[in-house]
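Working notes for the structure below.
The values are calculated or read from the model by the stated rules, or taken from the named source; none is laboratory data. Keep in mind that this is a model prediction, so the values were computed, not measured. As a convention, Cβ positions derive from the backbone with ideal geometry for all residues, glycine included, and neighbour counts pool all protein chains shown. The area values use the complete protein model at the heavy-atom level, side chains included, leaving out ligands, DNA and RNA. Shrake-Rupley method; radii C 1.70, N 1.55, O 1.52, S 1.80 Å.
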Amino acid sequence: MPTILAEILSLIQYKTEVENNPNAERPALCRLCGIEGPWKHATYSRQSDRINTSSHSLNPVLIQRYYCSDCHKTFSVLPECIPPQRWYLWDLQAVVLLLCLSGASASAVAQEVIPSRQTVRRWFRHFQEQYRLHRDVLCGHFIALGRFSELSDFWQAALKTVPLSTAMRLCYIAGVAIP
């Protein structure tokens, strides 16, 4: 499981941060055993920019890996804008979620955005299945969200309060499955 860097909400912001201050993303502690001083191990590339054409693409996005000499494990550090083990950024998933909440069918949403109808359906189903767990975590951080008990009302209010990437980072830290 990767460590997620808070408040890095775009690929441009992440690339600028890495270029200007490469050690800014370095964690102070190993996320697995808690020992100080994991060292840079390598990078791997992600093709996270699925919106821009190839001439304007921000790909490849280099993700830093760290190694802990105490527990002999490696782990990645992702910016908040990139979901773990997903192709599409949280911003796009937020658009899909809002369109689905507004009553649009999966086919209609797929005509508006890049992911296929099956992907749209899968994402929305996961949000529905994990709703109570996501709600519990987010209400612990944003008390005002406790006023909303329905999925649609809750997520619309939540996305006005905080970006989806931040909401999912908080759920991830709490150990709740994220889409």
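From the list Cys30, Cys100, the lone residue that is modelled with pLDDT of 95 or more, within 21 Å of the chain's Cα centre (by Cα) and among the hydrophobic types (A, V, I, L, M, F, W, C) is Cys100. For the stretch 113-134, taking the residues that are charged (D, E, K, R) and in contact with a helix residue (DSSP H, G or I) (Cβ under 6 Å, 6 or more places away or on another chain), the one that is farthest from Ala177 (Cα to Cα) is identified as Arg117.
Looking across the stretch 1-33, the residues that are open to solvent by 80 Å² or more (accessible area, probe 1.4 Å), out of contact with any Cys (no Cβ under 7 Å at 6 or more places or on another chain) and in a loop (DSSP other than H, G, I, E, B) come down to Met1, Glu7, Asn23, Arg26, Arg31. When the stretch 157-179 is limited to residues that are among the polar types (S, T, N, Q) and buried (at least 16 other Cβ atoms within 10 Å of the Cβ), the one that is farthest from Ser10 (Cα to Cα) turns out to be Thr166. Of everything in the stretch 34-58 that is without any contact (Cβ under 8 Å) to a residue 12 or more places away in the chain and among the polar types (S, T, N, Q), the residue that is surrounded by the most Cβ atoms within 10 Å (Cβ to Cβ) is Ser57. If you check Ser165, Ser107, Ser152 for being modelled with pLDDT of 95 or more, closer than 18 Å to Trp87 by Cβ and not basic (Lys, Arg), only one passes: Ser165.
Here Thr74 clears all of (1) touching a His at 6+ places or on another chain (Cβ under 9 Å); (2) modelled with pLDDT of 95 or more except the condition numbered (2).
Of the residues examined, Arg132 is not one that is closer than 23 Å to Trp87 by Cβ and open to solvent by 40 Å² or more (accessible area, probe 1.4 Å).
Go through the stretch 1-31 and give me each residue that's touching a residue at least 60 places away in the same chain (Cβ under 8 Å) and hydroxyl-bearing (Ser, Thr, Tyr). Thr3, Ser10, Tyr14, listed by residue number. Taken over the stretch 59-76, the criterion of being crowded, with 16+ Cβ neighbours inside 10 Å and part of a loop (DSSP other than H, G, I, E, B) is satisfied by Cys68 alone. Considering the stretch 77-119, and only residues there that are hydroxyl-bearing (Ser, Thr, Tyr) and not in a helix (DSSP H, G or I), the residue that is nearest to Leu5 (Cα to Cα) turns out to be Tyr88.
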